[in-house]
Amino acid sequence: MRVERLQNTIQEYAWGSQTAISGLLGQPRSSKPQAELWLGAHPLAPSATPQGSLLALIDGDPVSTLGARVAQRFQNRLPFLLKVLAADAPLSLQAHPSLAQAQAGFAREEAAGVPLTAAHRNYKDANHKPELICALTPFEALCGFRKLGASARLFAGLGHAVTTSLSAVLQLGGLAGVFETLMTMPKDRTAALLASVVPQLEKLSQGTGDEAVAYRCAHRLAQAYPGDIGAVSSLLLNHVELSVGQALYLDAGNLHAYLRGVGIELMANSDNVLRGGLTPKHVDVKELLGVLDFSAGPVKVLEPTEAAPGEWTYATAAADFRLSRFSLSAAHAVKPARSGPEILLCTEGTATVEMGNASLTLKRGESAWVAAADGAYTASGNGVLYRATVGTL
């Protein structure tokens, strides 16, 4: 085998950008919002190689493509899915299930005869979906629950009887109850609460400091999704702004919403998303409540560490994946240690991947597949190359 150039699928969702992904690929502005570029072997949108579908390539020879250990550990499946995510508008308030929850949910919907393509289907596969988002541009997100005292102050500041009452409950440690109360509130009560609270959000957003930032974010969500209580629930979550090159790791049960920006997203090979709001897509609050981790506290922002000369790695607990970044220059080629299958994506400049007597040059937006059985390679050029591979098994 040898390094293979990939052709990848663009997913069009309402929150996507008309310029970010098309610009990365060197294409004209899109007439539709392009939200995600998928690189991998997920059955819903596998990448293509000159030899055919990457999914078919792996199915035909899992040991050579994945390596014996990876094939055995992950049931002959590529364990990760790499994406470029481009958000011009906020994504849904969502979380992902653990492996056991995904297996149970998938089996339950299969037994009920729910089609995989059904809009109301929660579990598209039987896998978990821990994920990493690495900022290619300044990136804004909600991630995990705030410290209870901070959320209580934000709720009290709204000055409504309901939010004042919920603020008191929060101070007693009732985070799960407050979130469930909000998310399951009848439509008439939701409408009345929002009618009073949204103008107050706008007023409070004019200030300075962290609380004003939180109110400003909630007001923006209320405008983007009128009538959705998720705007108020957002005050329970940490607001995070990533600089280019910084990342977040989100394990099972982490409630989050990406707000805007372009990033490299690497995850377990799954499309399981449980949504609570801020979306026109299927929402299942009951299922979401069953998977949430209600731990509260600040978010850990990941900075890459130099694992080897020229290779900067984002360390996580995930066995399914590991993300690295190669910074290439004329004087600095990289020859990384290999331990399994890889997908390479060039995001700036050019990168030439040399393997024996063969070489492949990737321009900005181009990507490649490297099978486990392929030999060592050297990456050189003048640009930035992201590397997705397996984590520590």
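Quick note: the coordinates plus some simple rules give every number you see, no bench work behind them. In this text, all values refer to a predicted model and were calculated from it rather than measured experimentally. Neighbour counts are summed over all protein chains in view; Cβ atoms, including those assigned to glycine, are modelled from backbone coordinates with ideal geometry.
Using alpha carbon centroids, what distance separates segment 163-241 and segment 1-29, in Å?
Centre-to-centre distance over Cα atoms comes out at 35 Å.
At a Cα cut-off below 21 Å, give the lysines reachable from Lys300, other chains included and same-chain residues fewer than 8 away excluded.
Candidates past the 8-residue exclusion: Lys129, Lys147.
Give me His219, His239 ranked fewest to most by other Cβ atoms within 10 Å of their Cβ, as a rough exposure proxy.
Lowest count first: His239, His219.
Rounded, prolate or oblate: which fits the chain, taking a ≥ b ≥ c as square roots of the Cα gyration tensor eigenvalues, rounded meaning a/c under 1.5, else prolate when a/b beats b/c?
Since a/c reaches 1.5 and a/b is larger than b/c, the shape of the chain is classed as prolate.
Just want the ordering: Thr305, Thr350, Thr316, from fewest to most Cβ atoms lying within 10 Å of their own Cβ.
Details: Thr305 10, Thr350 16, Thr316 22.
So the residues, fewest neighbours to most, are Thr305, Thr350, Thr316.
Once R0 is set to 35 Å, what does the formula 1/(1 + (r/R0)^6) return for the Cβ-Cβ distance between Gln27 and Ser243, expressed as a FRET efficiency to the nearest 0.05? Each step should come with its number before you reach the end.
On the way: r = 27 Å, r/R0 = 0.77.
The value I calculate is 0.80.
For Ala212 and Arg108, what does the FRET efficiency come to when R0 = 41 Å and r is the distance between their Cβ atoms, rounded to the nearest 0.05? All intermediate terms of the calculation are to be shown ahead of the outcome.
Numbers: r = 44 Å, r/R0 = 1.07.
E(calc), rounded to 0.05, equals 0.40.
Under the 0.36 nm per residue contour assumption, what length would be gained going from the current alpha-carbon distance of Ala376 and Leu393 to full extension?
Once the chain is fully extended between Ala376 and Leu393, it gains 4.1 nm.
With r as the distance between the Cβ atoms of Ala315 and Lys203 and R0 = 30 Å, compute the FRET efficiency 1/(1 + (r/R0)^6) and round to 0.05.
Computed FRET efficiency for Lys203 and Ala315 comes out at 0.10.
Treat the count of other C-beta atoms within 10 Å as a stand-in for reagent exposure and order Trp369, Trp15 from fewest to most.
Listed from fewest to most nearby Cβ atoms, that is Trp15, Trp369.
Give me the number: length gained by fully extending Val63 to Ala118, i.e. 0.36 nm times residue separation minus the C-alpha to C-alpha distance, one decimal in nm.
Gain on stretching Val63 to Ala118: 16.5 nm.
What shape does segment 1-136 have by the C-alpha gyration tensor, where a ≥ b ≥ c are the square roots of the eigenvalues, rounded means a/c under 1.5, and otherwise prolate means a/b greater than b/c and oblate the rest? Write down the numbers at each step before the final one.
Working: a/c = 1.91, a/b = 1.12, b/c = 1.70.
It comes out oblate by the Cα gyration axes.
What is the sum of charges, Lys and Arg at +1 and Asp and Glu at -1, for the other residues whose Cβ falls under 15 Å from the Cβ of Arg73?
Every neighbour counted, the sum reads +2.
Among rounded, prolate and oblate, which fits segment 149-236 when a ≥ b ≥ c are the square roots of the eigenvalues of its C-alpha gyration tensor, a/c under 1.5 means rounded, and a/b larger than b/c means prolate?
oblate
Hey, which lysines would be in cross-link range of Lys187, C-alpha to C-alpha under 21 Å, not counting anything within fewer than 8 residues on its own chain?
Lys281, Lys286
Which value at 222 nm does the chain reach when only helices count, each DSSP H run of 4 or more adding -39,500 (n - 2.57), with the total divided by all residues and rounded to the nearest 500 deg cm²/dmol?
Calculated from helices alone, the mean residue ellipticity at 222 nm is -8000 deg cm²/dmol.
At Thr164 and Lys300, where each label point lies 7 Å from the Cα along Cα→Cβ, what is the point-to-point distance in nanometres?
Roughly 4.0 nm, to one decimal.
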